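Worksheet: one structure, shown below.
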Amino acid sequence: MSYNTSSSGNDVPAEEEKRQQWHAFLFIIIALFPILSVAIVGGYGLIIWISQMIFGPPGIS
Amino acid sequence: MKAWLSTIWQTMKRPATQISLGVVSLGAFISGIIFWGGFNTALEVTNTEEFCISCHEMRDNVYQELQQTVHWSNHSGVRATCPDCHVPYNWTDKIARKMQASKEVWGAIFGTIDTREKFEAKRLTLAQHEWARFKANGSLECKNCHDYDSMNWDLMSDAARTQMKQAHERDQSCMDCHKGIAHQLPKNMNAGAGLLGPLDQAASSTQVSSGSDYYNHRVIPVYLDQTLQDSTGELNAGSKIKVTQVTDQSYEIEIAAWRKAKGFGRVLYQDFGKNILVANLDKALAQDKKRMQTSDTKEDELTGLPWQQATVKVWIAKETLLADTQQLWSEASEIYNSSCSTCHSQPAEAHFDANTWPGMFKGMLSFVNFDNDTQALVLKYLQTHSSDYSDAHH
């Protein structure tokens with residue numbers, strides 16, 4: 001059996017490690033980053049909106 | 001769950017050993033493109049007319065009104081859709097507007113304006129939001145299509161050319177003059193909750209007691225007795241009167257003014273020889289020697305007409321008076337400053353004397369949107385602050 005040891009000593013077999021990594025990869029690109037992007041852009045928009053309520057609508061640029 | 005999260009986290013922390021660099025980069029690149037494309041497509045879908053009118057509030061109200069205007073149909077066939085004017089082009093402002101749209105989602109769910117009546121009640125507020133936006137950014141959304149530099153002056157009418165050239169020089173905000181270009185103007189735009197709204201509010205809470213002086217901010221009917229049944233004339237806006245009796249539904253007031261001793265004497269003026277209107281009375285009341293107390297006549301040298309002081313008591317409705325002129329004149333001054341400075345800087349109030357102001361004022365009225373009461377109040381303001389009553393004149 002070929003084990004892989006990482007720096008924090010997580011011993012899993014190579015097949016398991018491969019499964020875990022694909023799993024994480026897909027989770028990141030399909031779920032995590034998209035949701036994070038919407039949240040960050042939305043949050044950014046919210047901040048601008050609040051600041052427009054305080055400082056008035058956007059001026060002449 | 002916790003174990004799963006922990007595994008994911010542990011895997012994320014470390015370099016990928018079982019998946020090649022090429023696969024990881026390509027996968028990330030492609031999914032980034034797919035996401036960004038999808039995100040923007042979804043965002044742009046909310047920027048289409050179909051989306052906007054999918055809410056019946058928009059489709060049945062403002063969309064119908066748009067179809068009566070030149071922005072819907074014209075000789076060149078170029079038309080504007082909802083987002084062209086209402087969604088900022090600049091990305092940051094656009095995203096902010098999308099977040100602000102959560103308010104509209106709330107409204108759609110909870111029916112804030114889901115009937116015609118509710119919509120009409122809120123029309124002025126909604127319009128004022130947009131006017132404030134256009135005012136702040138100089139009507140940027142209009143200028144995305146309408147470029148001052150591309151305007152052909154020769155194709156305009158003389159009147160249009162004069163105004164538009166001046167606007168061009170100032171890079172003026174289109175909305176300063178062109179309100180109501182795409183949807184109906186609020187009916188009560190300059191009345192009621194419009195320009196005189198704050199004064200209405202103040203008047204409804206003024207404590208009125210007999211023996212003190214008060215001021216009315218609107219043109220109000222005056223009556224012969226406390227039942228307010230027989231209207232006998234009108235009291236002009238911004239007049240000073242003394243309350244002599246307070247009943248449940250009305251006030252008796254005393255108007256002390258001047259009038260010409262020639263003719264019926266129906267018109268009451270604020271001061272000797274001054275065309276500052278205080279009241280118009282019915283002929284019967286004006287000639288009623290018992291009710292009208294008059295003084296000896298004095299001749300106005302300018303016209304040769306005899307004037308006399310005239311005092312009369314009439315009745316008016318409640319909630320029509322203010323205790324002092326502070327708010328009255330400050331509101332009038334604000335209306336004057338904002339309405340009369342869009343095309344030229346407004347003349348100082350004391351630039352003219354009281355008898356010159358009516359002519360000047362009426363010549364300018366077609367450039368603004370004042371209702372009767374606002375006109376009366378602003379003119380009265382100008383006359384009472386004219387060079388006749390001010391030290392600061394030239």
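None of the figures in this text is laboratory data; all of them are computed from the coordinates on show. It should be emphasised that the depicted structure is a prediction, and the values quoted were computed from it without experimental measurement. Quick reminder, even Gly has a Cβ in these numbers, built from the backbone with ideal geometry, and neighbours come from all protein chains shown.
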Find the centroid of the Cα atoms in region B:89-111 and in region B:258-325, then give the distance between the two in whole Å.
-> 56 Å
For chain B, build the charge dipole from Cβ charges (+1 Lys, Arg; -1 Asp, Glu) around the Cα centre, then report which of B:L285, B:S54, B:S20 sits farthest towards its positive end.
-> B:S20
Just from its helices, what would the mean residue ellipticity at 222 nm be for chain B, if runs of 4 or more DSSP H residues each count -39500 (n - 2.57) and the sum is divided by every residue, rounded to the nearest 500 deg cm²/dmol?
-> -11500 deg cm²/dmol
Could you calculate the FRET efficiency of B:M151 with B:L302 from 1/(1 + (r/R0)^6), where r is the beta carbon distance between them and R0 is 56 Å, rounded to 0.05?
-> 0.70
Assign one of three labels to region B:118-247, namely rounded, prolate or oblate, based on the Cα gyration tensor with a ≥ b ≥ c the square roots of its eigenvalues; rounded applies when a/c is under 1.5, prolate when it is not and a/b is larger than b/c, and oblate otherwise.
-> prolate
Among B:N369, B:N137, B:N236, the residue with the largest mean-square fluctuation in a Gaussian network model of chain B built from Cα contacts under 10 Å is B:N137
Highest mean first, what order results for B:222-232, B:380-390 on Cβ atoms within 10 Å?
-> B:380-390, B:222-232
Dipole of region B:326-384 (Lys/Arg Cβ +1, Asp/Glu Cβ -1, origin at the Cα centre): which of B:S341, B:T374, B:W357 lies farthest to the positive side?
-> B:W357
Per residue of B:35-42, what is the mean number of Cβ atoms on other protein chains within 10 angstrom of that residue's Cβ?
-> 2
Cα-centre dipole for region B:61-151 with unit charges at Cβ (Lys and Arg positive, Asp and Glu negative), debye to 20 = 240 debye
Picking from B:I316, B:I34, B:I19, which is most flexible by a Gaussian network model of chain B using Cα springs under 10 Å?
-> B:I19
In whole Hz, what ³J(HN,Hα) sequence does region B:43-56 give by Karplus (6.51, -1.76, 1.60; θ = phi - 60°), x for Gly and Pro?
-> 5, 5, 4, 6, 9, 10, 4, 4, 5, 4, 7, 5, 8, 5
Give the shape of region B:326-384 as rounded, prolate or oblate, defined through the alpha-carbon gyration tensor: a ≥ b ≥ c are the square roots of its eigenvalues, a/c under 1.5 means rounded, and otherwise the shape is prolate if a/b is larger than b/c and oblate if not.
-> rounded
For the cross-link pairs B:K94/B:K143; B:K240/B:K260; B:K143/B:K179; B:K165/B:K380; B:K274/B:K362, which exceed 22 Å when the distance is taken from alpha carbon to alpha carbon?
-> B:K165/B:K380
For B:R266, B:R116, B:R123, what's the fewest-to-most ordering of other Cβ within 10 Å of each Cβ?
-> B:R116, B:R266, B:R123
Taking Lys and Arg as +1 and Asp and Glu as -1, residues besides B:Q128 with C-beta under 11 Å from its C-beta add up to +4
If unit charges are put on Cβ atoms (+1 for Lys and Arg, -1 for Asp and Glu) and the dipole of the protein assembly as shown is taken about its Cα centre, the option from B:G211, B:H129, B:A257 lying farthest towards the positive end turns out to be B:H129
Roughly how tilted is helix B:91-100, in degrees to the nearest 10 and between 0 and 90, from the longest Cα axis of chain B?
-> 70 degrees
